[in-house]
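The values are calculated or read from the model by the stated rules, or taken from the named source; none is laboratory data. Owing to the predicted nature of the structure, the values given are computational and were not obtained by experimental measurement. Reconstructed Cβ throughout: ideal geometry from the backbone, glycine too, with neighbour counts over all protein chains shown. Quick note on the areas: whole protein, heavy atoms, side chains included, nothing else; ligands and nucleic acids left out. Shrake-Rupley method; radii C 1.70, N 1.55, O 1.52, S 1.80 Å.
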Amino acid sequence: MLSVNGVSKKFGNFTVLDNITLNFENGVYGLLAPNGAGKTTLIKMMMTLLFPTQGSILWDGVDIRTLDADYRDILGYLPQNFGYYKSYTPRQYLNYLAALKAVPKEQVKERVDVLLAMVGLSDVAGEKMRKFSGGMLQRVGIAQAMLNDPKLLVLDEPTAGLDPKERVRFRNIIHSLAKDRIVILSTHIVSDIETIANKIIMLRNHGVYCCSSPAEVCSILEGKVYEIPASQPVNEDDLILSERQNGTETLLRFVSNIPPDAAEPVKPNLEDVFLYVYRDEGVGV
Amino acid sequence: MSIPYPSPEERQKEINLIIKKGLPKRKTSSFWAMACCLSPRILFFGVKDCIIAAAAAAVLSYAAVIACAASSRNYAGLLLFLLSPVFYILLYCLATGKELQENTREIPMACRYTLRHLTTMRMLYFGGFGAVADTLLAFFISQSSSWPFLKMLGLSLSSLFLYASLAVFFLLRVRRTFLQLFAPPVIWTVAVSGLGFLLPDFGAGFFSAVPEWVTLLFAVCFCAVFLAQLHGYLGKNKEENSYAVG
């Protein structure tokens with residue numbers, strides 16, 4: 001449905017993205033990369049806020065620039081750090097954006113009520129947003145993105161700054177929205193997408209490093225991830241990923257081609273792959 | 001071999017889509033649909049405080065203009081021409097500045113009616129508000145300085161729509177939001193200072209001598225230029241913006 005064909009983006013002489021090709025069908029896609037890798041630039045191009053220096057983005061085979069307003073009709077977008085109106089209530093804010101999205105007037109009230117209930121804000125629908133927590137504001141953001149029942153829902157770093165409880169709540173909301181639409185969730189927090197994404201897209205060196213299911217992505221490190229008590233030495237070349245408490249002892253988790261004898265093999269997870277792939281980009285312990 | 005033909009509904013849907021894409025869009029009907037959707041309540045959502053502040057500041061500056069015009073009659077036309085766009089400038093700069101500061105412009109950019117549509121409609125309203133304010137200003141100055149009302153009106157509206165055209169020109173030709181917002185008022189202020197302080201007698205003499213019908217003609221012409229530029233801005237293809245993060 002959505003095709004990104006050989007898209008590159010340059011700002012002056014600086015190449016942010018180079019020859020990106022991706023195809024999206026209904027389902028949840030996790031766009032995973034460290035800060036500064038070009039996630040937001042890619043998203044802004046899909047949202048028609050920026051245009052590619054090269055290549056094209058197609059919706060059902062038609063260039064999104066040609067579709068223009070018809071394409072924006074099927075978009076739902078929650079930007080990173082979205083601005084809101086502190087002196088207004090969520091209901092007023094949603095009514096405002098419903099007008100910009102050309103939602104038929106007779107449907108607006110019902111739609112706003114449904115969405116406020118969906119994100120658990122019905123009780124505070126009439127309260128000013130200046131009193132809201134970060135999690136509540138992000139839920140307002142999700143509600144506005146869903147106003148036009150979009151076919152393409154894009155959420156840019158939606159859980160940044162949220163506490164663990166709000167992050168779980170947010171993941172559950174995303175999961176409930178994923179039917180019959182493309183959901184693209186950009187993040188650098190692995191746990192946000194590990195359980196809900198059908199496919200993981202990783203960006204590296206301005207291009208697509210992989211676009212596969214979480215299991216396929218994890219298979220990159222199959223048979224290479226180990227744990228060892230912190231008191232035991234690891235090889236100089238081994239990459240330490242993380243550490244965890246196991247009873248009274250601390251275990252180191254690391255990637256190795258030739259592990260020490262005391263090391264126990266473990267099943268790699270998405271965070272291991274993330275830390276391994278971006279090890280040269282200041283990511284890791 | 002069986003060929004999977006589309007159902008009658010699918011076929012009709014595709015035919016409708018082809019027809020819709022093939023036919024030129026009727027600009028007037030889409031404009032009115034937009035105008036109906038973007039009521040003043042929507043257009044000025046979140047910036048009502050800016051409108052009140054702009055109105056208060058404009059009233060004060062207009063009162064000063066009226067007082068000056070009453071005390072020095074020769075300079076009434078010059079003062080009116082230089083300060084007529086004040087309300088428009090304040091409305092646009094305060095509203096846009098607040099939205100930039102509060103980062104509320106990104107979500108509308110991905111809606112059916114984007115920031116471009118909002119800006120176009122706002123410019124029309126600002127032009128209308130400015131015209132009403134300037135008509136009142138022209139009336140009061142003509143009362144206090146005994147200049148003909150129609151001449152005052154022509155000078156005032158010429159000035160307003162000249163400035164408004166300049167502002168839309170920057171929207172059309174300049175990419176950087178900062179320049180779009182601040183370059184027109186800076187240029188106008190420099191021009192105003194130059195004419196008002198360096199060549200006050202030339203300016204006063206020129207505006208005294210110019211015939212009434214010429215001022216009205218210029219007002220109509222500048223208004224037409226403003227509307228034509230706004231039409232161009234609304235129809236302009238979106239181009240590469242200058243920002244990106246992450």
Region B:169-191, residues that are closer than 19 Å to B:GLY235 by Cα and not basic (Lys, Arg)
B:PHE169, B:PHE170, B:LEU171, B:LEU172, B:VAL174, B:THR177, B:GLN180
A:MET47: passes all of (1) farther than 26 Å from A:LEU94 by Cα; (2) out of contact with any Gly (no Cβ under 9 Å at 6 or more places or on another chain); (3) within 10 Å of chain B (Cβ to nearest Cβ); (4) at pLDDT 90 or above but (1)
Are there any pairs, at least 6 apart or on different chains, whose C-beta atoms fall under 9 Å, with the first in region A:230-244 and open to solvent by 60 Å² or more (accessible area, probe 1.4 Å) and the second among the polar types (S, T, N, Q) and not in a strand (DSSP E or B), and if so, which?
A:ASN235/A:SER256; A:ASN235/A:ASN257; A:ASP237/A:SER256; A:ASP237/A:ASN257
If you take just the helices (runs of 4 or more DSSP H) that sit entirely in region B:147-246, which of them hold at least 1 residues that are among the acidic types (Asp, Glu) and surrounded by 14 or more Cβ atoms within 10 Å (Cβ to Cβ)?
B:212-235
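Residue-by-condition table, conditions (1) in contact with a strand residue (DSSP E or B) (Cβ under 6 Å, 6 or more places away or on another chain); (2) more than 29 Å from B:SER193 (Cβ to Cβ); (3) in contact (Cβ under 8 Å) with a residue 60 or more places away in the chain:
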{"site": "B:LEU38", "(1), (2), (3)": "no, yes, yes"}
{"site": "B:LEU43", "(1), (2), (3)": "no, yes, yes"}
{"site": "B:CYS50", "(1), (2), (3)": "no, no, no"}
{"site": "B:ALA58", "(1), (2), (3)": "no, no, yes"}
{"site": "B:TYR62", "(1), (2), (3)": "no, no, yes"}
{"site": "B:ASN74", "(1), (2), (3)": "no, no, yes"}
{"site": "B:PHE81", "(1), (2), (3)": "no, no, yes"}
{"site": "B:TYR92", "(1), (2), (3)": "no, no, yes"}
Quick check: anything in region A:50-66 aliphatic (A, V, I, L, M), touching a Pro at 6+ places or on another chain (Cβ under 7 Å), open to solvent by less than 40 Å² (accessible area, probe 1.4 Å) and not in a strand (DSSP E or B)?
no
Within region B:96-118, can one find any residue that is open to solvent by less than 40 Å² (accessible area, probe 1.4 Å), more than 29 Å from A:LEU75 (Cα to Cα), part of a helix (DSSP H, G or I) and touching a residue at least 12 places away in the same chain (Cβ under 8 Å)?
no
Please count how many residues of region A:67-94 are at the interface with chain B (Cβ under 9 Å from one of its Cβ atoms), open to solvent by less than 50 Å² (accessible area, probe 1.4 Å), outside any strand (DSSP E or B) and within 30 Å of A:GLU127 (Cα to Cα).
8
Which of the residues belonging to region A:1-48 are part of a strand (DSSP E or B), hydroxyl-bearing (Ser, Thr, Tyr) and closer than 22 Å to A:ILE174 by Cβ?
A:TYR29
